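One structure is given below, encoded as structure tokens.
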Amino acid sequence: MKSNNMNLIDRIKAPTPKWFRIVRSIGLIMATVGGALVASPVALPTALVSVAGYLVLGGGIISAVSQTAVQAEEEIKNAEKIPENGSENSK
């Protein structure tokens, strides 16, 4: 296995595996719900506002870490070779 010396910008621009795209979406949802609770104009209990702050923090961290996960080069090459419609032997 060769070493993968990528800077942060290259890692963010590289393809993200499906599992980490799902985790990133969950993190974004958590951060959005927490942000909505923190910014609500209604007076909420202190415990709920504290939990909302942790949701924002956790969602942001989960999303950032998930975005920097990259696929292995072998997986990318295999994905390019396989047609998406699955009709490679249709003749």
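Right, Ile29: surrounded by fewer than 16 Cβ atoms within 10 Å (Cβ to Cβ), under 25 Å from Asp10 (Cβ atoms) and at pLDDT 95 or above or not? Considered against the rule, which asks whether it is surrounded by fewer than 16 Cβ atoms within 10 Å (Cβ to Cβ), under 25 Å from Asp10 (Cβ atoms) and at pLDDT 95 or above, Ile29 comes out as no.
For (1) modelled with pLDDT under 75; (2) of a type outside the set (Phe, Trp, Tyr); (3) part of a loop (DSSP other than H, G, I, E, B), each residue gets a yes or a no:
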| residue | (1), (2), (3) |
| --- | --- |
| Gly53 | no, yes, no |
| Gly60 | no, yes, no |
| Val65 | no, yes, no |
| Gln71 | no, yes, yes |
| Glu80 | yes, yes, no |
| Glu84 | yes, yes, yes |
| Lys91 | yes, yes, yes |
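Selection of first residues in the stretch 6-21 that are at pLDDT 85 or above and of second residues that are outside any loop (DSSP other than H, G, I, E, B) and surrounded by 14 or more Cβ atoms within 10 Å (Cβ to Cβ), restricted to Cβ pairs under 8 Å at least 6 apart or on distinct chains, gives the following pairs, ordered by first then second residue: Thr16/Arg24; Thr16/Ser66; Thr16/Gln67; Phe20/Ser66; Phe20/Gln67; Arg21/Ser66. Please work out which residue is surrounded by the fewest Cβ atoms within 10 Å (Cβ to Cβ), limiting yourself to the stretch 1-26 and to residues that are farther than 12 Å from Ser66 by Cα and basic (Lys, Arg). Out of the qualifying residues, it is Lys2. Whenever a residue of the stretch 61-75 is on the phi < 0 side of the Ramachandran plot, its partners that are at pLDDT below 90 and in a helix (DSSP H, G or I), lying with C-beta atoms within less than 7 angstrom and at least six residues away or across chains, give the pairs Gln67/Ile12; Thr68/Arg11; Thr68/Ile12; Val70/Arg11.
The values are calculated or read from the model by the stated rules, or taken from the named source; none is laboratory data. Since the structure is predicted, the reported quantities are computational estimates derived from the model, not experimental observations. FYI the Cβ positions are ideal-geometry reconstructions off the backbone, even for glycines, and counts take in every protein chain you see.
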